[in-house]
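To start, the structure under review is shown below, and the notes come after it.
The values are calculated or read from the model by the stated rules, or taken from the named source; none is laboratory data. A quick note: this is a predicted structure, and the numbers were derived from the prediction, not measured. With ideal geometry, Cβ positions are generated from the backbone for all residues, glycine too; neighbour counts draw on all protein chains shown. Please note that ligands, DNA and RNA were not included when accessible areas were found on the heavy atoms of the full protein model with its side chains. Shrake-Rupley method; radii C 1.70, N 1.55, O 1.52, S 1.80 Å.
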Amino acid sequence: MGTSVLSLRIDKELLDRLRHHAAKRGMSVQDYVVRTLIRGDFDERFSAAVEETERFYGDQVKVT
């Protein structure tokens, strides 16, 4: 898997908040943002998988 560059323009307040959150976790801002994006992507894919399972099995599946 290769890598690419994504450039973002964000305001100072948001960058300061990102720096704060990243520092609390001992991470760089870049690593924090990438990890957050990966987690968000996983959440979306997991939700889609749950919905597909519920459609396939109908009322037989109860997620608690």
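Worth pointing out:
- Members of the stretch 9-19 found to be open to solvent by 100 Å² or more (accessible area, probe 1.4 Å) and out of contact with any helix residue (DSSP H, G or I) (no Cβ under 8 Å at 6 or more places or on another chain), listed by number: 9, 12, 13, 17
- Taken over the stretch 20-64, residues that are at pLDDT 90 or above, open to solvent by 100 Å² or more (accessible area, probe 1.4 Å) and not in a helix (DSSP H, G or I) amount to 1.
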